Amino acid sequence: MTTDLSPSSPGIDTARSLLRLLRDRATPEAYEALLDGCPAGELPHLRPLVDDALHVRAQLEDRRRREDELAALYETAGDLSSLRDLEAVLQAIVRRGRVLLGADAAYMMLHDTRRDDNYVRVTDGIRTDAFKRARLAMGAGLGGLVAKTAVPYNTPDYLRDARFDHTVDDVVRDEGLMAIQGVPLKLGKKVIGVLFAANRSARPFPDHEVALLVSLANHAAIAIENATLFQEVRRAVDDLTEANAVIQAHSASVEQAASLHERLTSIVLHGGGMHDVAENLAEVLGGSILVLDPAGRVMAAVGGDPVVEHTGVGGALLQESPTARAVHEACILSAESRRTRRIPGSGTGASACATPIMAGTEALGSLALVRERLDAVDMRSLERAALVTALMLLSERGVAEAEHRLRGEILEDLLGAPHRDLEGLRRRAALMGLDLSRPHTVLAARCRGGGHRRAIADAAAAFAAQAKGLAGEYRGDVVVLLPGDHTPAETARSLADHLSRTVGDAVTVGGTSAAPGVDAVIAAHRDAARCLDVLLALDRDGHGASPDELGIYGLLFRQAGREELRRFVRRVIGPVLDYDERRGGELVRTLLAYFACDASLTRTAADLFIHVNTLYQRMDRVTALLGPQWRHGDHALQVHLALKVHSVLAAH
């Protein structure tokens, strides 16, 4: 059968209509509409034409779709090749996969070589956190199967598909995914991961969509490798840059250290002091330098920072500015940790760092640098300077110890056995600046329990040096001889205050005047030591006084000998002393507290941290030992006095 296609025939009109429909990319329904109303006789002739046109339309649509997919794939490949950041590459791959397939979600799993499983790396359209943290063993689920076999898999309804080992169904169900397609990400024969497209409704994945996702995965694998290599190259370049900076910094550090070492060595060899060290450090490092002793007092300060201007040598570091507080904090942390500490500046405050000045495990002080900006080279230079400073301090300590021993020997000979070589003693004392033919003030200092003796001796030596005097240790006390007529009581108080502040503990001082001559100095020292004993017995720790200020206690110890005083003590409170000695009791301590609390039993119990009933029992025991009259009138005075005298005698 032939179709009439003459110009005037109906077939020509139909063909023209079909071509217009093809040109306009009309829907299949428009083609079928041409047959509506067609005479029954012409329908057999027109049906083949419409079918052929629909076939041509399908071929054209398929070609257009392929062209669109190739264009999108080409554009995707171009985009991926331009990206260098690995994270951006992975995110772009997943996003393009979702767009190309028109999927509800897309995600990528990468292979973890250490654990030999696969984990979700990036997602697009995924809502639940559990899904984003999911992992799949090799061969498990759709993704694990793709990773293991390197073959694409897809399913229109994953939860009902019996082909897969269902290990993550809860995660997939909570996310609402049904149709899933997965293709391998391959570099050569190695599978590095799986690329997925998924929908939340059941649907098959046509072959062309599988091929499209495979093509994207192939481009993606190359892009991932390129981004990874670029990242490694960039990391290597960064490492080389950092290494070069380290080498340059090390070179600068070596040059600076050599210059600094030469300067500081010259200072040590020429007998320079802390100020010279600080001055050279400030010049080399370009900042302000402070040298602090272990107690936080400034030994030297050089530089233009306000913290230097408001800090006097020998005084505590002021903390009125942020910089000063930063320096103080750095020094404390440095001394505690035995290592360099750095505190960055805030606002307008400068940065500060401090390093301990160490001699073995002993901290001799801190070396602080204040500057607008600090780097590692500065800190290393400061640490090297601390070593030289430690040597200098040790040298100064050696000289001081030699002088300390000499002072101690002179005091030992002067106060202990002056008549063995009186003339030699005078000559040696003269070498130390001590003229025994002049009147002196003699002071004895001690911390309760005998602690801080060396620190007290050093501080007392500095105090004595200001008056051209002498200080040293003698029989557990620190003895100070000051030439000239001083007021003993005021001098004792001044020295007690100075020593207490210096050592950070209560130092008690007794003092008296000595006429010219060795014997007078010996007698004055004896009185000063007794005065010190009485002050400690009276719990006047940290005070300074002369015997004239001790009232009846001073009179007793000046007029009576020790044996006579002991007999007085035994006569008045002997039974109490014997009881305490036999029973290990607390009666003496209880009585001292009782008199100190003005005979108030309630206050005495509180002061002793005992129950009042316990106190009543002790007081009854004292009454049984001393008799009922001990609390009244002159008897109470004698008991109190005997207790105090006993304390003084027991203390020394």
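Data table
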read-out: Residue among L415, L481, L443, L436 that is at pLDDT below 85 and out of contact with any Phe, Trp or Tyr (no Cβ under 9 Å at 6 or more places or on another chain); value: L436
read-out: From S17, S81, residue being among the polar types (S, T, N, Q), in a helix (DSSP H, G or I) and modelled with pLDDT of 70 or more; value: S17
read-out: Some residue of the stretch 93-112 being farther than 22 Å from S201 by Cβ, at pLDDT below 60 and not small (G, A, S); value: no
read-out: Identity of the residue in the stretch 98-155, of a type in the set (D, E, K, R), in contact with a Gly (Cβ under 7 Å, 6 or more places away or on another chain) and in a helix (DSSP H, G or I), that ends up surrounded by the most Cβ atoms within 10 Å (Cβ to Cβ); value: R98
read-out: Residue check for T512: of a type in the set (V, I, T) and part of a helix (DSSP H, G or I); value: no
read-out: Positions within the stretch 95-128 being over 18 Å from D174 (Cα atoms) and of a type in the set (K, R), in sequence order; value: R95, R96, R98, R114, R115, R121
read-out: Meets criteria (touching a residue at least 40 places away in the same chain (Cβ under 8 Å) and closer than 25 Å to L538 by Cβ) for A445; value: yes
read-out: Answer from A496, A514 - the residue that is among the small types (G, A, S), within 42 Å of the chain's Cα centre (by Cα) and buried (at least 23 other Cβ atoms within 10 Å of the Cβ); value: A496
read-out: Contacts under 7 angstrom Cβ, first residue in the stretch 150-166 being more than 26 Å from G188 (Cβ to Cβ) and touching a residue at least 24 places away in the same chain (Cβ under 8 Å), partner part of a strand (DSSP E or B) and of a type in the set (D, E), 6 or more apart; value: none
read-out: Residue within the stretch 460-473 that is over 20 Å from L414 (Cα atoms), at pLDDT below 85 and either part of a loop (DSSP other than H, G, I, E, B) or touching a helix residue (DSSP H, G or I) at 6+ places or on another chain (Cβ under 9 Å) (or both) present; value: yes
read-out: Wholly enclosed helices (runs of 4 or more DSSP H) of the stretch 200-318 bearing at least 3 residues at pLDDT 75 or above; value: 207-269, 274-285
read-out: Output for the stretch 532-547, where each listed residue is of a type in the set (S, T, Y) and closer than 23 Å to L591 by Cβ; value: none
read-out: Restricting the stretch 632-648 to residues that are closer than 11 Å to L565 by Cβ and not aliphatic (A, V, I, L, M), the residue that is surrounded by the most Cβ atoms within 10 Å (Cβ to Cβ); value: H646
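The values are calculated or read from the model by the stated rules, or taken from the named source; none is laboratory data. Bear in mind the structure is a predicted one, so any value in this text is a computation, not a measurement. Note that we place each Cβ from the backbone using ideal geometry, even for glycine, and neighbour counts take in every protein chain shown.
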